[in-house]
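Quick notes on the structure that follows.
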Amino acid sequence: MKALVVGAGIGGLSAALALAKSGWAVTVFEKSTTIKEIGAGVQISPNGMKVLNSLGVTPLIENSLYEPKHLEVRFGRSGRKVFSVPFKEVALKRWGARYIQIHRNDLIQALLTALKNYNNVQIITGATVESYLNGSSTVSINITNQKSECGDLLIGADGLNSAIRGQMHGSSSPTYTGYAAWRFTVPEKLLNQNTTPVNSCVWVGEDKHIVVTRINSGKTINFVGVVKRESLIKESWNLKGAKEALTKDFKNWDPVVENIISSSDKIFLGGLYNRAPLKSWTDNKTVLVGDAAHPMLPSMAQGASQALEDTSALINCLKEGSTIESSIKKFFLHRNSRVSKIQTRSRDNLNLFHLNKIHKKILYYGGLWLLNQTYPELIHRKQDWIYSYNP
Ligand SMILES: Cc1cc2nc3c(=O)[nH]c(=O)nc-3n(C[C@H](O)[C@H](O)[C@H](O)COP(=O)(O)OP(=O)(O)OC[C@H]3O[C@@H](n4cnc5c(N)ncnc54)[C@H](O)[C@@H]3O)c2cc1C
């Protein structure tokens, strides 16, 4: 059996690896000329790590991953702690796998290395897939300036602006959320040592929040600062941002934040975009996965982990099903409600991070603070449905 995979992101490469392990011949088509992720971090929670473990990828990222000891939430301006819960010592025991932070490129390169063990996999770069055509027994794709290819299964893992999704559901632009994300990385050794962030932390404030994680085995700080921007900002991982504007956005915030921002060099700014949930992810022998199927806001850090969950679920459905068409339909039915819930919660989380009415802040954050003082286990328990899940 032959699978065509469009897109060599975390979703496409993990799907290719799972299929190759199950004996499929796989060809991956990637529009970029080199497979290289942007310079940013990604968090993979235990539900996603279970997939990387089962694919044999974890040993390949062992030297670059970072496991946060604690996860904190603080108020942006005062820096006052709302709560801090242990993560590293809890994750494996409670949720069955580790919680990690890693440079996206380290994860992509590990997936590529794992794929090299299979001679039934081919990766074609510089190949932009334009459309697909359902035949009676196969599916074929048209690729810009290249001859078409056909297979038994087509996986659209081509991200937020998926061409495969566009053909399946009619092309439309994703919706600008009114928020944009500042992103940069900075080596810890460049920071003023008096105000270095000790833990992974979310700073919350009116219409903005910051998430600081670590990559490069903990030696590099990864900064994501989400701010409200009425005027449309392009969706991009490469659009340069101005340090003055970034500094102004977080002026008079916690000195730890100001320290990180003042040490920044190459800064990027990209709009956050979203799409309404789809009624279906399949068409005959074609299926959507990852951001092509269910883009979500980054406020639960679940996009990549959900793409990894898709991989496991899809391979299980293909193993169990009688035909490809019925297997991928089953995959959609199996995944849809969980993913929709996470899409909704991600949107809700953004609003909670950005609360600006004082009484709402007191109610929500006061409650969390109290919970942390009296019954911190409940904060972990609230994450069980996401992290304990074993796809
Ligand atoms: C600021 C920010 C922070 C985030 N942080 C986290 C986090 O901490 N944890 C987490 O789990 N998620 C996070 N996410 C979400 C996560 O990045 C995505 O959900 C995840 O990368 C989706 O992977 P994917 O493989 O589906 O799509 P993508 O990574 O978008 O990959 C799609 C691939 O398809 C290729 N492609 C596109 N069109 C074509 C075509 N026509 N032909 C051939 N190739 C094509 C692209 O070049 C690309 O390589 C974050 C997102 C943002 C914006």
Given the options A15, A25, name the one that is touching a helix residue (DSSP H, G or I) at 6+ places or on another chain (Cβ under 6 Å) and over 30 Å from L269 (Cβ atoms).
A15
Examine the range 68-81 for a residue that is among the basic types (K, R), in contact with a helix residue (DSSP H, G or I) (Cβ under 8 Å, 6 or more places away or on another chain), surrounded by 18 or more Cβ atoms within 10 Å (Cβ to Cβ) and not in a strand (DSSP E or B), and state whether such a residue exists.
no
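Out of all the residues in the range 32-43, is one or more over 25 Å from T125 (Cα atoms), within 8 Å of the ligand (Cβ to nearest atom) and polar (S, T, N, Q)?
Yes, because at least one residue in the range 32-43 is over 25 Å from T125 (Cα atoms), within 8 Å of the ligand (Cβ to nearest atom) and polar (S, T, N, Q).
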Pairs, first farther than 19 Å from F29 by Cβ in the range 100-121, second modelled with pLDDT of 95 or more and among the acidic types (D, E), C-beta under 6 Å, six or more apart
I100/E67
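Out of N390, N349, N356, which single residue is of a type outside the set (D, E, K, R), under 30 Å from H334 (Cβ atoms), touching a residue at least 12 places away in the same chain (Cβ under 8 Å) and part of a loop (DSSP other than H, G, I, E, B)?
None of the other options fit; the residue is N390.
How about the range 238-330: which helices (runs of 4 or more DSSP H) wholly inside it have at least 1 residues that are under 17 Å from the mean Cα position of the chain (by Cα), buried (at least 22 other Cβ atoms within 10 Å of the Cβ) and acidic (D, E)?
290-293, 303-320
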Which condition number in (1) in a helix (DSSP H, G or I); (2) without any contact (Cβ under 8 Å) to a residue 40 or more places away in the chain is the one that I342 fails?
(2)
How many residues, within the range 357-391, are within 16 Å of V73 (Cβ to Cβ) and of a type in the set (S, T, N, Q)?
3
Would you mention how many residues in the range 122-160 are in contact (Cβ under 8 Å) with a residue 24 or more places away in the chain and hydroxyl-bearing (S, T, Y)?
5
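The values are calculated or read from the model by the stated rules, or taken from the named source; none is laboratory data. Note that the structure is predicted; figures quoted are calculated from it, not measured. Neighbour counts are summed over all protein chains in view; Cβ atoms, including those assigned to glycine, are modelled from backbone coordinates with ideal geometry.
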